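Colleague: Just dropping this structure here.
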Amino acid sequence: MSAILEAENLRKTFGGIVAVDGATFEIEEESITGLIGPNGAGKTTTFNLISGFYEPDSGTVRYDGRDLQELMEPSRDEKLIWGGASGITFGALGGIAGLGLFGLGPVPSVGTLAVGAGVGAGVYVGQEKIRQSREGHKNSRPFMLAREGLARTFQITRELSEMTALENLMLAPQEQAGENLVNTWLRRGAVADEEAAVRERAEEMLELLEIDHVRHEEAGNLSGGQRKLLELGRVLMLDPDLILLDEPVAGVNPTLTEKLMDRIRTLRDEGYTFCIVEHDMEVIMNLSDTIIVMNEGKKLVEGTPEDVRSDERVIDAYLGGV
């Protein structure tokens, strides 16, 4: 198997605290990789680095051979949209200046338009500086990774609580025709056909995850386990290649845990790749093909569940050498 994700010499600090210190590992295609470690080992920060939510201080993450930071850069279309919006803003401010807001006379002139454009440019650049200065989020645009096939879930589920389970799933697919206002007026037939296809797929997903009986229930009313399954389903609606699961069975009852584990194994056999952060050792040992153990921000051990289970370094890390 080839590696679908490669992390090399990752380092991340928060103030004077080193959260991740030189972590290097790979995730192979069509496998289940467990990422574990004692509290404070750096696994959550590592998870946020490989999912694009944090930018590493140094080191790289490559997904399907491409650097994550490059994948999250604005596309050509976005730059064109931003440029057009900026031009409209600059022109509008110039016009306002020319109408006398700054005491420069009732008729726009080249000079007043230039003043307005300068003000608009200053505001735009200032906003960009503020956005880019936010620690850990300088180039953080994880939604771009989802479009490329890398998607994640969260330890605390982020369902749209006032929408039904079915609606949550139908919302997930990217770039639906109905998202374009022009299409809703001029291509109603195409929008309706696509919505029907998305609804059919969402219904199939609900049945696959065995939560079809709550399809019309508001997501906020579902149990913790049902919300975990719903979030997995929402990710699967994106049809990703790599799925990052953050404590998928936390707060889930044993029956639903078994169902969720079965679904993950089945999906792995169908060609999906998983990386899982999980504190339940029984789950991670029974589910993973490969386990990466972290301690003090570094990769401590990597191997099969059998190798990891018996490694003295892992025992010492969890028990403190006792």
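Colleague: May I ask you to list the residues in the range 1-14 that are surrounded by 12 or more Cβ atoms within 10 Å (Cβ to Cβ) and free of Cβ contacts under 8 Å to residues at least 40 places away in the same chain? Write out each step before concluding.
Modeller: Looking only at the range 1-14, we keep the residues that are surrounded by 12 or more Cβ atoms within 10 Å (Cβ to Cβ), and these are 3-14.
Ala3, the sole residue that qualifies.
Table: residues versus (1) in contact with an Asp or Glu (Cβ under 6 Å, 6 or more places away or on another chain); (2) in the same structural domain as Gly65 (by TED's automatic domain parsing); (3) polar (S, T, N, Q); (4) outside any loop (DSSP other than H, G, I, E, B).
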{"position": "Ala146", "(1), (2), (3), (4)": "no, yes, no, yes"}
{"position": "Ala151", "(1), (2), (3), (4)": "no, yes, no, yes"}
{"position": "Leu169", "(1), (2), (3), (4)": "no, no, no, yes"}
{"position": "Pro173", "(1), (2), (3), (4)": "no, no, no, no"}
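Colleague: Then there's this: Output yes when any residue across the range 215-227 is at pLDDT below 90 and among the aliphatic types (A, V, I, L, M), and no when none is.
Modeller: Checking the range 215-227: not a single residue is at pLDDT below 90 and among the aliphatic types (A, V, I, L, M).
Colleague: Which one is farthest from the chain's Cα centre (by Cα) among residues in the range 238-255 that are surrounded by 20 or more Cβ atoms within 10 Å (Cβ to Cβ) and without any contact (Cβ under 8 Å) to a residue 60 or more places away in the chain?
Modeller: Residues of the range 238-255 surrounded by 20 or more Cβ atoms within 10 Å (Cβ to Cβ): 242-249, 252.
Next cut, without any contact (Cβ under 8 Å) to a residue 60 or more places away in the chain only: 249, 252.
Details: Val249: 19, Val252: 22 Å.
Filtering the range 238-255 for residues that are surrounded by 20 or more Cβ atoms within 10 Å (Cβ to Cβ) and without any contact (Cβ under 8 Å) to a residue 60 or more places away in the chain, the one farthest from the chain's Cα centre (by Cα) comes out as Val252.
Colleague: Is it fair to say Gly189 is in contact with a helix residue (DSSP H, G or I) (Cβ under 6 Å, 6 or more places away or on another chain), not in a loop (DSSP other than H, G, I, E, B) and not charged (D, E, K, R)? Before you say what the answer is, go through the steps one by one.
Modeller: Details: in contact with a helix residue (DSSP H, G or I) (Cβ under 6 Å, 6 or more places away or on another chain): no; not in a loop (DSSP other than H, G, I, E, B): yes; not charged (D, E, K, R): yes.
The answer is no for Gly189.
Colleague: Further question on the same structure: What number goes with the only condition from (1) in contact (Cβ under 8 Å) with a residue 40 or more places away in the chain; (2) closer than 16 Å to Glu162 by Cα; (3) surrounded by fewer than 22 Cβ atoms within 10 Å (Cβ to Cβ) that Ser223 does not pass?
Modeller: (1)
Colleague: Residue under question is Leu232, and the condition is that it be part of a helix (DSSP H, G or I), of a type in the set (A, V, I, L, M), more than 25 Å from Thr45 (Cα to Cα) and in contact (Cβ under 8 Å) with a residue 24 or more places away in the chain; does it hold? Explain how you work it out, then say what you get.
Modeller: Working: part of a helix (DSSP H, G or I): yes; of a type in the set (A, V, I, L, M): yes; more than 25 Å from Thr45 (Cα to Cα): no; in contact (Cβ under 8 Å) with a residue 24 or more places away in the chain: yes.
Spelling it out, it is not the case that Leu232 is part of a helix (DSSP H, G or I), of a type in the set (A, V, I, L, M), more than 25 Å from Thr45 (Cα to Cα) and in contact (Cβ under 8 Å) with a residue 24 or more places away in the chain.
Colleague: Could you say whether any residue in the range 180-200 is more than 15 Å from Leu260 (Cβ to Cβ), touching a residue at least 24 places away in the same chain (Cβ under 8 Å), of a type in the set (Gly, Ala, Ser) and not assigned by TED's automatic domain parsing to the domain that holds Asp262? Write out each step before concluding.
Modeller: Residues of the range 180-200 that are more than 15 Å from Leu260 (Cβ to Cβ), as a first pass: 180-200.
From what's left, touching a residue at least 24 places away in the same chain (Cβ under 8 Å): 195, 198-199.
When the remaining residues are screened for being of a type in the set (Gly, Ala, Ser), the result is none.
Scanning the range 180-200 turns up no residue that is more than 15 Å from Leu260 (Cβ to Cβ), touching a residue at least 24 places away in the same chain (Cβ under 8 Å), of a type in the set (Gly, Ala, Ser) and not assigned by TED's automatic domain parsing to the domain that holds Asp262.
Colleague: Taking only the range 265-276 into account, find how many residues are of a type outside the set (S, T, N, Q) and surrounded by 21 or more Cβ atoms within 10 Å (Cβ to Cβ). Quick ask: steps written out before the conclusion?
Modeller: Looking only at the range 265-276, we keep the residues that are of a type outside the set (S, T, N, Q), and these are 265, 267-272, 274-276.
Still in the running and surrounded by 21 or more Cβ atoms within 10 Å (Cβ to Cβ): 274-276.
Looking only at that region, the number is 3.
Colleague: I would also like to ask the following. From the residues in the range 277-311 that are closer than 25 Å to Lys12 by Cα and free of Cβ contacts under 8 Å to residues at least 24 places away in the same chain, which one is surrounded by the fewest Cβ atoms within 10 Å (Cβ to Cβ)?
Modeller: The initial filter retains those residues of the range 277-311 that are closer than 25 Å to Lys12 by Cα, namely 277-279, 290-303.
Those still in the list that are free of Cβ contacts under 8 Å to residues at least 24 places away in the same chain too: 301, 303.
Numbers: Val301: 18, Gly303: 15.
For the range 277-311, the residue satisfying everything is Gly303.
Colleague: Kindly check whether there is at least one residue in the range 164-172 that is within 22 Å of Phe53 (Cβ to Cβ) and in contact with a strand residue (DSSP E or B) (Cβ under 8 Å, 6 or more places away or on another chain).
Modeller: We begin by selecting, within the range 164-172, every residue within 22 Å of Phe53 (Cβ to Cβ); these are 168, 171-172.
From what is left, the residues that are in contact with a strand residue (DSSP E or B) (Cβ under 8 Å, 6 or more places away or on another chain) are none.
Checked the range 164-172: no residue is within 22 Å of Phe53 (Cβ to Cβ) and in contact with a strand residue (DSSP E or B) (Cβ under 8 Å, 6 or more places away or on another chain).
Colleague: When Val214 is evaluated against the numbered criteria (1) exposed (fewer than 15 other Cβ atoms within 10 Å of the Cβ); (2) of a type outside the set (D, E, K, R); (3) assigned by TED's automatic domain parsing to the domain that holds Ala202, which criterion, by number, is the only one it fails?
Modeller: For Val214, the failing item is (1).
Colleague: Here's a follow-up. Working only within the range 275-308, note down all residues that are on the phi < 0 side of the Ramachandran plot and charged (D, E, K, R).
Modeller: Within the range 275-308, Glu278, Asp280, Glu282, Asp289, Lys298, Lys299, Glu302, Glu306, Asp307 meet the criteria.
Colleague: Out of everything in the range 15-39 that is in contact (Cβ under 8 Å) with a residue 12 or more places away in the chain and more than 21 Å from the chain's Cα centre (by Cα), what residue ends up being surrounded by the most Cβ atoms within 10 Å (Cβ to Cβ)? Outline the logic, then answer.
Modeller: Just the residues of the range 15-39 that are in contact (Cβ under 8 Å) with a residue 12 or more places away in the chain, to begin with: 18-38.
If we keep only those that are more than 21 Å from the chain's Cα centre (by Cα) as well, we get 18, 21-22, 37-38.
On the way: Val18: 17, Asp21: 17, Gly22: 14, Gly37: 25, Pro38: 17.
Restricting to residues being in contact (Cβ under 8 Å) with a residue 12 or more places away in the chain and more than 21 Å from the chain's Cα centre (by Cα), the top hit is Gly37.
The values are calculated or read from the model by the stated rules, or taken from the named source; none is laboratory data. A quick note: this is a predicted structure, and the numbers were derived from the prediction, not measured. Using ideal geometry, Cβ is built from the backbone for each residue, glycine included, and neighbour counts are taken over all protein chains shown.
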